[in-house]
Amino acid sequence: MANITVTSPLLPNLDEFHQMLQEIWDSKWITNNGSFHQKLEQALCDYLKVPYISLFTNGTLPLLTALQALRISGEVITTPYSFVATTHSLWWNGIRPVFVDIDPTTGGIDPERIEEAITPKTTAIMPVHVYGKPCRTAEIQAIADKYGLRVIYDAAHAFGVEVNGKSILNEGDLSTLSFHATKVYNTIEGGALVMHDAKMKQRIDYLKNFGFAGETEVVAPGINGKMDEIRSAYGLLNLQQVDAAIEARHQVAIRYRKELREVEGISFWDDMPGVRHNYSYFPIFVDAPKYGLTRDELYFKMREQGVLGRRYFYPLISTFSTYRGLPSASRENLPVATRMADTVICLPIYHSLSDSDVQKVINIIKS
Ligand SMILES: Cc1ncc(COP(=O)(O)O)c(C=O)c1O
């Protein structure tokens, strides 16, 4: 029997994709801001309700480029409860990460712990809307305004997430997205930066194209972050089906919540009021004394029966060799993140997950 994986990619209709490939072949324009690239940027602005977007070839280069665009240096406040690319983007820019603990109700940075981490070298805050759950953005912005800091959101998980009808991607100075195959919306590999104004889009478009501003002028040490025409076309097709995919994920989340709510020692989050969630992940937290198994015991029991949940985000980024020597990386500084990383399992959730597979996951957890 096939394993049940944590996710499965949303794939466009192959015939429709083939038609678009034919257009690309006919035009012989395969990258560098071609027509599909332009169409996808516009379609994403409309879908996501954001004013400007710049496409990238993955979700890591937007993080690196955001830091370049805003000329961030010194120290940046972030959290260790994320995918490692968040902190790596700081390291690649020669910036010192300062880890702050997370809020147990969102998994995002705890605004009440930010001020004590600010030093004269702090230039920005890089929070993460982990699992697509909105951070406490108003409090974060108030601190940033008070201390003159920039805010760059790693919104890799937050595609389509809205708070009171407004996109979460409009918060802060810049937000980054990942369109990796594992995400709710994918372009195989891909990503984007969301910005507020045309000048910033221009600057970022230069930076993702080696710093070229026209044919002969280079205005910055830019990088090659460009998205190609083939994946832009694929992305246009996937955008047409992403709402249905999110709704299918929602139904899986409803089922998990209904069936697991009474299981002693298993907890999870409910939807937040006023939020349009994207159901990109379904994390559960295992309280071993109450549940009777540790997180890892449950994780391996699931694996043995072909259910490949994932322990996102364990281990914490702060425990990896690059970062563990930093004073802010200590376990004592990060009790909530440490507890969450030690108890989490993300259950399988995706648009085409069958009812019987959902039931199998539930049965294993209940048995
Ligand atoms: C929170 C977070 N940030 C950044 C990234 C990097 O994105 P990509 O894999 O598209 O480079 C990912 C995921 O892959 C992620 O989960």
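The values are calculated or read from the model by the stated rules, or taken from the named source; none is laboratory data. This structure is a prediction, so every number in the text was calculated from the model and none was measured. Here the Cβ is made from the backbone with ideal geometry for all residues, glycine too, and neighbour counts use every protein chain on show. For accessibility, only protein heavy atoms count, side chains too; no ligands or nucleic acids. Shrake-Rupley method; radii C 1.70, N 1.55, O 1.52, S 1.80 Å.
Assorted remarks:
- Breaking point among (1) under 16 Å from the mean Cα position of the chain (by Cα); (2) among the polar types (S, T, N, Q); (3) under 24 Å from Arg331 (Cα atoms); (4) away from the ligand (no atom under 16 Å from the Cβ), for Thr119: (1)
- Meets criteria (in contact (Cβ under 8 Å) with a residue 24 or more places away in the chain, out of contact with any Ser or Thr (no Cβ under 7 Å at 6 or more places or on another chain) and within 15 Å of the ligand (Cβ to nearest atom)) for Ala158: yes
- Residue match in region 134-146 (condition: modelled with pLDDT of 95 or more, touching a Gly at 6+ places or on another chain (Cβ under 9 Å) and open to solvent by 30 Å² or more (accessible area, probe 1.4 Å)): yes
- All conditions but one from (1) out of contact with any strand residue (DSSP E or B) (no Cβ under 6 Å at 6 or more places or on another chain); (2) buried (at least 24 other Cβ atoms within 10 Å of the Cβ); (3) part of a loop (DSSP other than H, G, I, E, B) apply to Thr105; the one that does not is (2).
- Counting the residues of region 294-328 that are hydrophobic (A, V, I, L, M, F, W, C) and open to solvent by 40 Å² or more (accessible area, probe 1.4 Å) gives 2.
- Checking each residue in region 135-159 for being in contact with a helix residue (DSSP H, G or I) (Cβ under 9 Å, 6 or more places away or on another chain), in a loop (DSSP other than H, G, I, E, B) and of a type outside the set (Lys, Arg) picks out Cys135, Leu149, Ala155, Ala156, His157, Ala158, Phe159.
- Condition check for Pro51: at negative phi and either within 16 Å of the ligand (Cβ to nearest atom) or free of Cβ contacts under 8 Å to residues at least 60 places away in the same chain (or both): no
- Where Arg113 falls short, out of the listed (1) within 11 Å of the ligand (Cβ to nearest atom); (2) free of Cβ contacts under 8 Å to residues at least 24 places away in the same chain: (1)
- Taken as a whole, region 190-201 holds no residue that is closer than 27 Å to Pro104 by Cβ, in contact (Cβ under 8 Å) with a residue 40 or more places away in the chain and crowded, with 19+ Cβ neighbours inside 10 Å.
- Test: Val184 is under 15 Å from Asn278 (Cβ atoms), β-branched (Val, Ile, Thr) and more than 12 Å from the chain's Cα centre (by Cα): no
- Here Glu217 clears all of (1) within 25 Å of Trp25 (Cα to Cα); (2) surrounded by fewer than 19 Cβ atoms within 10 Å (Cβ to Cβ) except the condition numbered (1).
- Residue within region 333-356 that is within 19 Å of Pro111 (Cα to Cα), of a type in the set (D, E, K, R) and assigned to a helix (DSSP H, G or I) present: yes
- Selected residue (only one of Tyr312, Tyr323, Tyr279, Tyr299 is touching a His at 6+ places or on another chain (Cβ under 6 Å) and either modelled with pLDDT of 95 or more or part of a loop (DSSP other than H, G, I, E, B) (or both)): Tyr279
- Within region 215-243, the set of residues being among the acidic types (Asp, Glu) and under 23 Å from Thr65 (Cβ atoms) comprises Glu215, Glu217, Asp228, Glu229.
- Filter result (in contact (Cβ under 8 Å) with a residue 60 or more places away in the chain and open to solvent by 30 Å² or more (accessible area, probe 1.4 Å)) within region 36-47: Lys39, Tyr47
- In region 61-92, residue farthest from the ligand (Cβ to nearest atom) [restricted to those that are assigned to a loop (DSSP other than H, G, I, E, B) and closer than 16 Å to Ile317 by Cβ]: Pro80
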